[in-house]
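These notes concern the structure reproduced below.
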Amino acid sequence: MNPGAEDVVQVIGPDGKPLFIPRGETWEEFQKFLKSRRANNGPMAPPFSVSGVSFEGSAEANEDTVTLDATLSISVNRDGEDVLVPLRLNEATLLKKPEHLGPNEAEFDVFDREEGYRCWLRGKGQHELKMSLAVPVRRQVAARRLMLRLPETPKSAIKLNVPLPKVSAKGSERGFVRMKSLDNGRTEIQAFGPPSSLLDLSWQSMTDLSEAKPELQALTLIVADLRAESLVLEATQQVRSIQGTFDKLTVRLPPEFELLEVSGREVKESSKVSDSPARVLVTLAAPTSGPVELKWILSAKIAANAARLPTLEGFEVDDARQQKGHVVLVAWEGVNLRKRDGEDRFVDRDTLAALRDVPGFHAAANGGGSNTVYRFLKQPFRLVLDVQKIEPYFTAETLHLVRLSPERAELDTTLTVRVFRGSLADLVLPWPTYKSEGWEAISNDSPKLVEQILVEETLNGPQLRVKFLQPKSATSTAASGDVKSLIEKATAAFQQGQTEPALQILTDAIKRTDNEFEIRLTTRRPTSADSSAFDLSLPFVEASGQPASRVIVAPRSNLEVEWTPKNEALARPTTPDKKVLDQLESTRNVAAWRWESGSPAFTAKAKVQQQSITTDTLSELAFDTRSVTVTQRIAYDVAFEPLSQVRLMVPRAIADRVRFRLRDSTGQTKPLPPPVFTGLEIDQARQIRLSLDPPQVGKFEVLADFDVESTSGITSDEPSPVIIPVLQSSDAEFDATRVKWNTGEMLVASLADPITWSPELGADKTSSWKANGAKTAIVLKIAAADDSSLQDFTVHRALIRTVVSEGRRHSQALFELDPDVREITLTLPAEISSQHFGAWWNRAAVSVEPITRNQTAGAVEVRLRLPWSSEKTTSPSETVGGSDKLKGMLWLDYYSEEPTHFGWSNQLQLVTPQFASTVWVAQTIWQVVLPADQHLLTTPRDYAIQFHWQRSLLLWSRQPNFGYDRIDRVLNDAAPNKNDSGFWESSLTGGPADHNVYPVSCFGPPQPLVFWSMSRSAVVGGGAGLALLLGFVLIRIPATRHVLTFLVVGFVMSLMALWFAEPVKVLLQPAILGAAMAVIAALIDRVGRRQPQAPMVTLSSPSDFFAAPGSGVRIANVQAIADTLTAPPQVVVQSEPISASGSRGRS
């Protein structure tokens, strides 16, 4: 355990003995710290401090002032700077220039009304000021009083010579006064004050005191605290004498109250007056003029149903000339106190602000609930109060946890109560079926809050009444012991590193200090588990605001329970609280409901289930040249009844060296006790028994660790058979047998009978196999691994750039590897030219050594022996989705043997060198560069495109995504020195406008990149031609010019885009051009097919040639002509002009 910053540790001191000092400090530094604290000049010391103030002077009989010689001792803690010291002494008048003793000089500043006299001091050390002052003396009847404000100082003293032979003097509170009679009829008064900022000294002639009749003043503060069953009065009285002295006081107390205690610093004794029990005689220790403070505590019993309180009166001091005071009523929120009009005397309402300067005001502030203030200006006062109870308003959230076993049901009820108004003395929980269902006595689990729980009989059946120890209101809090214990638990949890539980405990503590509290009730009842139905009803709280009740039912693991709510409308299934689930032994078949109102009621059927066990096994293998280390994991899934022991069949050959462990459902592993041999042996296997403590239910594992030695060492390439025994379960046969081992090690394993085994998906660099049922043994063939199998490192990222041009393909690859790799084996596909293959490691050339074995399908294996370098190379600063950690940089440069010839459409396949199968490649980014007149038509399979379409003016083109547009820069920055003779210049010459760049990526090793490309002329001709052809169809076939045609075309294009998104996007842009051409062609065709039309001229009708009636002209056959003409004749006007002769002929 490491000590904290504030802990105390033990160190060895100069004399060799152990010393305790704060952690992180030396003994010398700690000594310096103590010296600085004693000298008051440490780093935390103030600029100055007034260490003491003393006065000396004399007073004359008829003078109103006193001349005092003051001496002030000041310690300055700053060196080389001026310090302003406020001296106060506001009431005094400076008679002459002060004297200064100490380093440097002293200079007085301007008088300030708040800080009084102020003085500038310079120089570290002790300074002393001597001042001559005139201080006014206040006259108070026969007494004299001297008051003077002082600077903050730990001690003050005054020596005053007064012209009186006998004097009674009084100094500041908690101060000390002594008097000395002088020979000349005078008295010397010495007063020593406590740490304070006020000098207060009063004196009076003893002759005047003895002759004058005392006249008293009384100031009383009465705090009436109304509790559940009593009314307690706490009164503070200050009595002083206006004239004369007194040594006895007679006080009349309220007759309805019992005196519990009277106390005071000057009180000697107290007794009741015999003829008047309500009067108390208080005897003082010595005659005094006051003020004398008396504290009274009285009490009176209050009935539960009382309508009024005992009358508040009394505290009347005999022979007191002036008596006044205040009454503060403190009542809990369950009641409202009202003054009864007409029966009070000398009392009126006041506010809490009026008590600010009243002694004992803190007592009123300590009260809870509501405060009401009254004042009385004279005695005898009288205050009569009526009690009016307030109906409480509260809410109660109910959580029922029912634990069900075959024999009984246990109910744990948690009530979270919150009071908003009034006071709550008890809770009522109706439970009509309490006795009929056989519930036992209620147990109280909240003894600090609940006094008792009663079962009451009512007309509606039994009910529970929970009585609190104290009434709960909106301002009441839980027991302080509960809160303190919760805080202690939270502190312990924080120290153990359990942050979340500690925060939850603190949250509960905060709730308990609020108006929210919790109570717990527990009970039980018998049940049956024979599948017969039984009723289960639970209590509810009669609250002002009734939240829904929560019911959680937790059957034991071997119980199958069928629950049916009696009122489906009120019950809603919900999720059980995690906090409750953590308390349960088994969470199987746990059900939860939210019951909206009333008593939750269910009908249940319970049935005991027999224990169910299922098992399977996994053998994890680790190989060595001499043995195989086996960890067999036997997985159990136990249902219903917990399992207290397991039985296993262990082969005799390994029975003495198997070690067993248990891994429970939480993942914690612990060793099991030694196994016990049961005496049963079957086929060279003996049965053992392992005890489980505690019994397990659910899923858990038994781990068996043992070694299997090989009969002959495994050092050659020839496989050696090894038999791995498998422990069997006698409790349940294995559903499946699994085996797993790591790959990429010095030894390679394979199954001797792979037909009965099926491979499983496993983690990286592992081989996993599964066989159905139980296997008594696993037969393996183990051989020494070849070079490629020993490759065990990670390629964090692969960056490949391939420039495809007419005739050849040039590729450059950058691989970010672990920096400690010393040897790499690569497989070059047949398409890659081994004659033009170069490799560099951290910009240093690496020799390429061909490996003649294992060459298949033209592939060539090469070995790269990497040079050792103490310098680590970081990945380039401008990364593409990578990190900047230290990595080794492998650079490859190679050409493809397969020539490239571009046509209208081309299928291309790009390959790259492959690492061994045991090498993990995290990410591959491949950049394909095509000539400017070639475009990517299809997306490569198993790769994700890393480019997007971007508009430039009217045309759209494909541009790399953000981050992937810097691949060229990353590769160029990591490229080896171009002056190296083994380096070939990249085929990418010219700017980006001369090429089309398409980046793609995938997770895992690089796979062959297969895609189709299309020339620019084919793209334009194909896309535009299809659109133009569609336009011609619309022009020539009128039936196709329908809205349905466009919908069908759009649907077909969208359907094709689901599978061929990239080709559709590529051809869509020229298709728009073809559609525009089709529209232009349609317009031209329409203009060309238009026929010329002759102009139509309307001629006059024949009636226009007849004379009007009455003109004297008579024309024959007019009627016949008129009948034959029904419309004005029309003639076609030719384009040539009409001759004059023709015109005359027609007329």
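Derivation of every value follows stated rules applied to the coordinates shown; laboratory data play no part. Every value quoted in this text rests on a predicted model; they were computed, and no experiment measured them. A quick note on method: Cβ atoms are made from the backbone with ideal geometry, for glycine too, and the neighbour counts reach across all protein chains shown.
Between the beta carbons of Arg78 and Lys159, assuming R0 = 45 Å, the FRET efficiency works out to 0.85 to the nearest 0.05.
In what order do Phe517, Phe420 fall by count of nearby beta-carbon atoms within 10 Å, going from fewest to most? Walk me through the intermediate numbers first.
Details: Phe517 24, Phe420 14.
Least crowded to most crowded, the residues run Phe420, Phe517.
From the Cα gyration tensor of region 612-784, with a ≥ b ≥ c the square roots of its eigenvalues, which class applies: rounded if a/c is under 1.5, or else prolate if a/b is larger than b/c, or else oblate? Verdict is prolate for region 612-784.
Net charge dipole, region 50-209: roughly 580 debye, given to the nearest 20, about the Cα centre with Cβ charges of +1 for Lys and Arg and -1 for Asp and Glu.
Could you tell me whether region 393-468 comes out rounded, prolate or oblate from its Cα gyration tensor? Rule is a ≥ b ≥ c as square roots of the eigenvalues, rounded for a/c under 1.5, then prolate if a/b exceeds b/c, otherwise oblate. Don't jump to the answer; show the numbers that get you there.
Details: a/c = 1.95, a/b = 1.46, b/c = 1.34.
Prolate is the answer for region 393-468, as a/c is 1.5 or above and a/b outweighs b/c.
Extending 7 Å from the Cα toward the beta-carbon at both Gln322 and Asn972 defines two label points whose distance is 10.0 nm. Summing charges over neighbours of Ser263, with a neighbour being any other residue whose Cβ is under 14 Å away from its Cβ, gives -2 when K and R count +1 and D and E count -1.
Dividing the mean sequence gap of close Cα pairs (under 8 Å, 6+ apart) by how many residues region 1019-1085 holds gives a relative contact order of 62 percent. Full extension of the chain between Thr776 and Leu94 yields a length gain of 234.4 nm, computed as 0.36 nm times the residue separation minus the alpha carbon distance.
For region 235-264 versus region 40-118, the inter-centroid distance based on Cα atoms is 42 Å. The relative contact order of region 571-726 comes to 25 percent, based on Cα pairs under 8 Å that sit 6 or more residues apart. Here the gap between Glu269 and Trp904, fully extended at 0.36 nm per residue and compared with their Cα-Cα distance, gives a gain of 216.2 nm.
Computed about its Cα centre, the charge dipole of region 612-784 is approximately 240 debye, with only Lys, Arg, Asp and Glu carrying charge at their Cβ.
What FRET efficiency would be calculated for the residue pair Met147, Asn104, taking the C-beta separation as r and a Förster radius of 41 Å, to the nearest 0.05? The pair Met147/Asn104 has a calculated efficiency of 0.75. Between Leu352 and Asp693, the C-beta separation translates, for a Förster distance of 56 Å, into a calculated FRET efficiency of about 0.30.
The gain in end-to-end length when the Arg520 to Thr575 segment is fully stretched comes to 17.6 nm, 0.36 nm per residue minus the alpha carbon separation.
For region 109-259, the square roots of the Cα gyration tensor eigenvalues, ordered a ≥ b ≥ c, give a/c of at least 1.5 with a/b no greater than b/c, which places it in the oblate category. If a spin label sat at a point 7 angstrom from the Cα of Ile1072 along the line to its beta carbon, the backbone N atoms of region 1005-1032 nearer than 17 Å would be those of 1019-1028. Take the Cα of Ser750, step 7 Å toward its Cβ, do the same at Gln388, and the gap between the two points is 9.9 nm.
Quick check for you: which residues of region 416-451 have the amide N under 11 Å from the point 7 Å beyond the Cα of Asn460 toward its beta carbon? What the label zone holds, given the 11 Å backbone N cut-off, is 429-432.
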